[in-house]
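Read-outs: derived from the displayed coordinates by stated rules, not from any lab. Just so it is clear, the structure is predicted and the values come from calculations on it, not from any experiment. We place every Cβ from the backbone using ideal geometry, glycine too, and count neighbours over all the protein chains shown.
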């Protein structure tokens with residue numbers, strides 16, 4: 001039997017260069033299938049929604065499959081295969097950033113330069129009639145079947161979850177035992193199932209090495225992401241990055257606490273070399289501090305401008321490709337437009353979820369919040385030139401004081417031990433001060 | 001001092017204020033809980049109350065009620081505009097003096113201020129999940145504890161609303177074949193807690209008779225449920241109370257009519273039409 005992997009919607013660990021995990025993973029136990037990142041772009045205005053789903057699937061293509069609950073049967077025109085670059089661009093543009101400042105010579109009062117520096121975190125074998133008849137017998141209706149790009153896509157409706165589970169299993173998808181339980185609520189809500197797998201012939205023809213993201217456009221009053229399917233067989237938390245593109249303002253979850261990533265913190269210089277490690281630790285700490293139940297906001301900003309820009313802003317053609325349908329050519333950001341902005345806000349949400357802490361699908365709401373926020377961490381390079389003036393001593397004291405502060409901030413952000421931080425800071429580490437009682441009885 | 005001497009303050013509103021303040025403290029301990037709008041709301045609400053009392057030459061009713069309204073707005077209203085919080089507070093308090101039927105105001109002030117602002121601009125919104133879940137459990141226990149301990153919290157409307165809401169939610173979870181944690185997660189909502197104990201429970205803006213109050217609570221719960229799952233509205237319970245407010249004078253009136261009929265059974269007999 002052909003082995004298949006049934007992945008639910010957002011299956012993957014997208015923590016910056018994060019660990020692998022298996023979504024609604026149904027491959028064999030020894031399958032080395034790693035999904036490094038699962039990213040979703042969610043474009044929405046009114047009820048109109050365009051969803052772009054991407055993951056770093058690494059296993060054999062014949063074993064890949066994706067099951068997504070959708071609100072209605074989609075027509076061929078509502079499905080599109082996008083370019084991976086789109087999500088990479090969004091990622092680079094919105095990822096937490098490190099900015100560095102170099103102290104001016106304390107002996108001269110020149111303006112100091114600012115160098116923004118970005119550090120992206122990156123994040124059927126049966127014949128069709130037979131298949132249809134067989135499906136019907138199990139309460140599953142194949143509402144539509146398309147081949148789009150390198151994918152074979154089916155839209156299924158089902159009357160009962162056990163039938164759907166059995167049908168998927170018989171059709172070659174290996175499903176975990178309790179999958180029907182995860183499928184049932186969607187069936188009860190009259191949702192349909194979008195099932196995609198790779199058409200190897202088409203894939204070869206297209207010549208793409210990686211799977212391209214699937215895009216679907218639909219109308220639904222529900223602003224949500226179905227994440228529950230992906231938990232059915234996961235054995236640990238999964239990471240998901242959501243890029244929400246909306247007209248009026250920031251997006252937040254309406255059924256889970258949404259918190260901002262601690263930002264604008266000054267950190268020691270060595271973080272420059274270990275920014276990935278640093279951010280992973282800082283994210284994990286924030287996640288734990290909120291009982292592993294919060295949705296973390298990493299960025300929200302009007303798409304008309306950025307400061308500092310971690311990557312060049314997206315062009316109008318790219319936004320259109322992502323599904324931003326309400327921008328006409330004139331209002332698109334051919335160039336940065338300044339604080340007046342444009343009717344488009346990008347919100348980047350990072351969710352690390354598992355079945356225990358996220359018992360429900362993610363629901364969202366668009367707020368009218370048009371403030372801006374970014375995950376931003378600041379490096380201060382001291383002035384290393386020759387200083388010949390009285391201000392020298394005062395300056396050096398202030399640098400020492402700042403380094404002490406930075407070490408404390410870093411410990412608070414990441415939970416790293418003071419010892420570890422001192423070690424990494426090397427000669428820059430703040431001088432060790434004995435506790436007060438050490439000299440008490442001497 | 002013996003334990004018996006420790007009395008709760010006579011005016012139950014003090015206790016409500018203490019509870020709301022602890023609610024705010026819990027909120028502040030969660031991340032990203034804004035407070036900048038609090039002084040604007042309090043000043044505008046108290047100012048409006050004093051101005052209307054003087055303007056209409058009404059007897060001084062004290063400032064506890066606008067303080068409670070201000071707390072409610074502080075906890076629920078979110079905005080990124082500076083002028084919106086005072087506007088919400090003004091509308092909330094003004095509604096008490098201007099929206100009156102037969103000498104009684106019938107819309108909950110904080111609810112009205114909030115909904116009016118959300119209708120006027122997209123820059124006003126509620127963040128129902130902003131408290132985080134762990135600390136909320138504590139507040140639920142505290143809220144229910146107060147209910148047992150003090151009559152001010154022992155509101156039949158609150159209980160009827162909460163009961164119907166939980167029943168409806170539980171029925172849906174069962175119908176969808178979901179598990180108990182889903183229900184618990186849905187009930188662990190800060191705005192639900194606040195709504196139950198401080199909004200719908202307001203005796204001034206609920207019907208006078210007990211039967212009418214229970215019917216009112218049931219209506220709000222049912223409408224909220226429909227708003228959430230049929231219309232997919234955001235903040236369904238808050239809108240449901242807003243939409244149900246006109247029922248209050250209607251229920252009061254119908255109860256009066258019923259009562260007056262009961263009092264005169266003989267008159268009814270004599271008035272039987274005869275040729």
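A few remarks follow.
- Intensity falloff of the stretch A:168-229 expressed as log10 I(q)/I(0), Debye formula with alpha-carbon point scatterers, at q = 0.24 Å⁻¹: -1.17
- Residue B:22/residue B:61 FRET efficiency (R0 22 Å; Cβ-Cβ; nearest 0.05): 0.30
- Under a Gaussian network description of chain B, with springs only between Cα atoms under 10 Å, the residue in B:193, B:58, B:251 that fluctuates furthest is B:58.
- Treating each Cα of chain B as an identical point scatterer and summing with the Debye formula, the log10 of I(q)/I(0) at q = 0.09 Å⁻¹ comes to -0.46.
- Spin-label pair residue A:393-residue A:272: with each label point 7 Å from Cα along the Cα-Cβ axis, the two points sit 3.0 nm from one another.
- Computed over the stretch A:274-428, Kirkwood Rh from alpha-carbon pairs, angstrom: 19.5 Å
- Estimated purely from DSSP H runs of n ≥ 4, each contributing -39500 (n - 2.57), the mean residue ellipticity at 222 nm for chain B is -21000 deg cm²/dmol once divided by its residues.
- Simple spin-label estimate for residue B:99 and residue A:102 in nanometres, 7 Å along Cα-Cβ: 6.2 nm
- Cα convex hull of the stretch B:165-228 - mean projected area over all directions, nm²: 4.7 nm²
- Cα-projected label distance for residue B:156 with residue A:431, points at 7 Å along beta-carbon direction, nm: 7.5 nm
- Distance distribution note for the stretch A:337-429: the fraction of Cα pairs above 22 angstrom is 60%.
- Of B:194, B:56, B:99, the one that fluctuates the most in a GNM where chain B has Cα springs shorter than 10 Å: B:56
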